[in-house]
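The values are calculated or read from the model by the stated rules, or taken from the named source; none is laboratory data. Source: prediction; values computed, not measured. Glycine also receives a Cβ, built like all others from the backbone with ideal geometry; neighbour counts cover every protein chain displayed. We work out accessible area using only protein heavy atoms, side chains counted, and drop any ligands, DNA or RNA first. Shrake-Rupley method; radii C 1.70, N 1.55, O 1.52, S 1.80 Å.
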Amino acid sequence: MTAATLHLATPTAVERTLLRLADAITAYTEHRRELRADRHEIALDILREQQSRKQDPRALDTAMLALGSRPRR
């Protein structure tokens, strides 16, 4: 009776394969989540930098001069 109970307590080959598959899927999913979080963080950093960047008040005058137009007064 004890031998049968111990045999049933261990996972079968199919169960071990399914457990390995589940572990692989979990690792893949975690890796994808981390990559997505990294891309999201980079995008937020770029957005913050763009929003905090001060505009050069002379940029329009410089661009107009480059086009051959007279600067604003």
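Computed from backbone phi with θ = phi - 60° and the Karplus coefficients 6.51, -1.76 and 1.60, the 3J(HN,Hα) list for region 41-58 is 5, 5, 4, 5, 4, 5, 4, 4, 5, 5, 6, 8, 5, 7, 7, 7, x, 8 Hz; x is used for glycine and proline.
Max-minus-min Cα coordinates of region 9-73 on each principal axis give 88, 21, 7 Å, with the largest extent listed first. With all protein chains in place and ligands, DNA and RNA left out, the 1.4 Å accessible area ranks Ser69, Ser52 as Ser52, Ser69, largest first.
Computed from label points 7 Å out along Cα-Cβ, the spacing between Leu60 and Glu30 is 5.4 nm.
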